[in-house]
Each structure stands twice: as C-alpha cells, then as structure tokens.
1. Most mobile of 23, 70, 108 per a Gaussian network model of the chain (Cα springs, under 10 Å)?
2. Using the C-alpha gyration tensor of the chain, what are the square roots of 5 times its eigenvalues, in whole angstrom, with the largest one first?
3. Out of all Cα-Cα pairs in the stretch 85-142, roughly what percent, to the nearest whole number, are more than 18 Å apart?
4. Of 100, 85, 160, which is the most mobile in a GNM of the chain whose springs link Cα atoms less than 10 angstrom apart?
5. Can you give the three extents of the C-alpha atoms in the stretch 1-101 along their principal axes, from longest to shortest, in whole Å?
6. Could you list which residues have their amide H under 5 Å from that of residue 92, counting only those 5 or more apart in sequence or on another chain, with H placed in the peptide plane?
7. In percent, how large is the relative contact order of the chain, given Cα pairs closer than 8 Å and 6 or more residues apart?
8. Would you calculate a helix-derived [θ] at 222 nm for the chain, using -39,500 (n - 2.57) for each DSSP H run of n ≥ 4 and dividing by the full residue count, to the nearest 500?
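The values are calculated or read from the model by the stated rules, or taken from the named source; none is laboratory data. In this text the structure is predicted, and so the values were computed from the model without any measurement. Here the Cβ positions follow ideal geometry from the backbone for every residue, glycine too, while neighbour counts run over all protein chains shown. For the accessible areas, the whole protein counts, side chains as well, though only heavy atoms, and no ligand, DNA or RNA atoms are used. Shrake-Rupley method; radii C 1.70, N 1.55, O 1.52, S 1.80 Å.
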Amino acid sequence: VLLDWLAFSSMYERQSQITEAHHATCEWIFDERPLDNEWSSFPEWLKRDDSKIYWVKGREATGKSTLMKHIYQSPKTWECLKTWAGSSTLCATTFFIWRAGSALMRSHVGLLRCLLHDILLQQPELLPIVFPFQWSLVYSCMSQNTEVPAPASVEELLRAFRRLLKEDIIPTPIRFFI
C-alpha cells in the first residue's frame, strides 16, 4: 500500500528518454586515476565507505544526464559498489530531475517519493522503520476496511528519508544517483 502511494506514473520517464551514450564516450569516468587535481577517481569513490558526494556539474545540455544514465547502467559501477557493500545487501537508485517533466519530476516530493519507493521496493523490511505511523495504520485500516492515509507532505517524506539514512537495525548500504 505504501509502495503504491510512493510510486507515480512518470517516475522513470526522463531516464527512458535519455539516449544511450555512443560507444566508449562516457567510459572515461571509470578511469582509476584522477583526471586532474579537481577530480577524484570515480571508481575509488564508489568503493569507499564514506558519505561524501561525488558531484557532476556542467552547463545545460552538456551530457550530464547521459553520463549519469551510463554510470547507473554500467556493470563497472555495480562491481565497485559490491566492493563497497561487502557482504551486505546493496541498494541503489536513481532519479533524473526534469524541468520539462511533470510537477513530480521537478519537485522535492517527486525526488523523495521515487528514491524511497525504489529503496523500499528493494528492502521492504525497512517499511515499518521508515514509515512507522503509516505502517501501523495499514493493519488497522485493513481490518476496518478503510483507506490508509498517505504521507502527503514534503516534511513527512523528509522525516521518512532521514529515518532511512539513519537506520542501523538492518545494515543496508545505499547509493543514490541523482
């Protein structure tokens, strides 16, 4: 029920519209050595256990989305992430912000709903931890045959996201590609 509420029809629309990178165009990102003093090695960042952000920036229409799609779909990314996750179950997801897309595709609510949906779909045992109030309502509403109120506000979604990131009962290494 909660996963159904978090999902929305255009969640993957932008990603599906991004064209594939031409052969070997984006492979430079997997070079083990830094390109210069400003860039750290992306594969090394993927393998490290820290919370630092690897920021890809550039002007509009310079290929950032194409690069991010390539990174997310590359087996090299998943090999590095498996090194980082060790024996824990790895969770990763992506969200492509899209100014020309639906209101949810360009909003914090859409971002949070998509990221929470994808991670909780991979690790459903985290649902009662991330959405404790709504989780308890699921059972009471089902027994009374009433509808479960959805976590509607950005504040509620942010609280759920923070619980996901701070959760340590079920060790789950998570990477977000936004």
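1. Highest fluctuation of the listed residues: 23.
2. Ellipsoid half-lengths, sorted descending, are 32, 20, 13 Å.
3. Beyond 18 Å sits 50 percent of the P(r) for the stretch 85-142.
4. Per the Cα network of the chain with a 10 Å cutoff, 100 tops the list.
5. 42, 37, 24
6. The answer is 175.
7. It rounds to 28 percent for the chain.
8. Taken over the chain, the calculation gives -13000 deg cm²/dmol.
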